[in-house]
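Report on the structure given below.
The values are calculated or read from the model by the stated rules, or taken from the named source; none is laboratory data. Everything numeric here is computed off the predicted structure, so don't read it as measured data. Using ideal geometry, Cβ is built from the backbone for each residue, glycine included, and neighbour counts are taken over all protein chains shown. Just the protein is used for accessible areas: all its heavy atoms, side chains included, with ligands, DNA and RNA removed. Shrake-Rupley method; radii C 1.70, N 1.55, O 1.52, S 1.80 Å.
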Amino acid sequence: MPKTLRKPDLQKLALALPKIAPLPTAPAPSLFDSADKVADDTLLKVREDLGECTRCKLHKHRHTIVFGDGSPKAELVFVGEGPGADEDAQGLPFVGRAGKLLTQMIEAMGLQRKDVYICNVVKCRPPENRTPEDDEVGTCSPFLFRQLDVIAPKVIVCLGAVAAKTLLKTNRGISQFRGQWLDYRSSKLMATYHPAYLLRNPNAKGEVWKDLQKVMALLGLHAKKGKPA
Ligand code: SF4
């Protein structure tokens with residue numbers, strides 16, 4: 001038989017129990033909101049899993065992990081190589097000089113940065129902006145693959161050889177397949193030159209614009225400002 005509590009014991013027990021806060025009454029999310037949240041939460045999960053990563057040696061000199069930025073429901077994702085000094089300082093991809101050129105390119109396609117998603121193969125800045133090494137790419141790229149799985153864009157534009165080689169798992173030079181439609185899982189993939197390369201070689205801008213026009217045609221986009229300056 002359990003011992004029966006007397007009235008004074010019950011009063012003591014009631015005082016000892018923590019007060020339970022009433023449940024918040026939030027309005028039910030719309031279908032649109034909840035779809036957004038699912039995609040967002042999953043990208044958040046990838047970011048949480050990355051944590052304050054020290055998996056490869058690039059963590060030693062970084063200030064900020066640059067995970068990615070933009071819409072989790074983007075039809076178009078740009079993948080670059082890795083953060084530079086400005087990105088390392090701000091924690092956002094493509095915000096330096098090359099980033100400004102990429103923004104011009106996106107706007108010339110009739111889009112804004114918030115309409116697309118932008119990320120890199122490695123999330124920490126390589127010292128002196130050197131090319132990421134194979135072991136660094138191998139360690140970090142699974143997080144990129146997960147980001148792309150979550151977003152499942154119609155089109156991925158690889159900016160430069162590192163992104164293209166990582167996603168296509170090839171050692172072929174980018175000039176051999178630049179401007180051609182290729183496949184990455186369920187997405188179409190277009191490899192083109194990195195905006196930093198265009199800053200050094202402005203004559204190549206026309207080739208990149210031709211590649212982006214193919215992307216626009218596939219996505220049904222119309223140029224708003226014409227060829228980027
Ligand atoms: Fe981790 Fe990627 Fe940074 Fe390497 S580059 S430390 S794997 S987040």
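Just need a number here: residues in the range 102-127 that are open to solvent by less than 10 Å² (accessible area, probe 1.4 Å), assigned to a helix (DSSP H, G or I) and not small (Gly, Ala, Ser).
3
For residue 166, are the conditions met, namely being farther than 24 Å from residue 104 by Cβ, crowded, with 17+ Cβ neighbours inside 10 Å and in contact (Cβ under 8 Å) with a residue 24 or more places away in the chain?
So residue 166 passes the test.
Mind counting the residues in the range 120-130 that are within 8 Å of the ligand (Cβ to nearest atom) and touching an Asp or Glu at 6+ places or on another chain (Cβ under 6 Å)?
Within the range 120-130, residues that are within 8 Å of the ligand (Cβ to nearest atom) and touching an Asp or Glu at 6+ places or on another chain (Cβ under 6 Å) number 1.
For the range 64-101, give me the residue count where each residue is small (Gly, Ala, Ser), outside any strand (DSSP E or B) and within 13 Å of the chain's Cα centre (by Cα).
Residues in the range 64-101 being small (Gly, Ala, Ser), outside any strand (DSSP E or B) and within 13 Å of the chain's Cα centre (by Cα): 5 in total.
With respect to residue 89, is the statement that it is away from the ligand (no atom under 16 Å from the Cβ), over 23 Å from residue 168 (Cα atoms) and either at pLDDT 95 or above or open to solvent by 70 Å² or more (accessible area, probe 1.4 Å) (or both) true?
Spelling it out, it is not the case that residue 89 is away from the ligand (no atom under 16 Å from the Cβ), over 23 Å from residue 168 (Cα atoms) and either at pLDDT 95 or above or open to solvent by 70 Å² or more (accessible area, probe 1.4 Å) (or both).
Any idea which of (1) of a type in the set (D, E, K, R); (2) free of Cβ contacts under 8 Å to residues at least 24 places away in the same chain; (3) more than 16 Å from the ligand (Cβ to nearest atom) is the one residue 133 doesn't satisfy?
It fails just one condition, (3).
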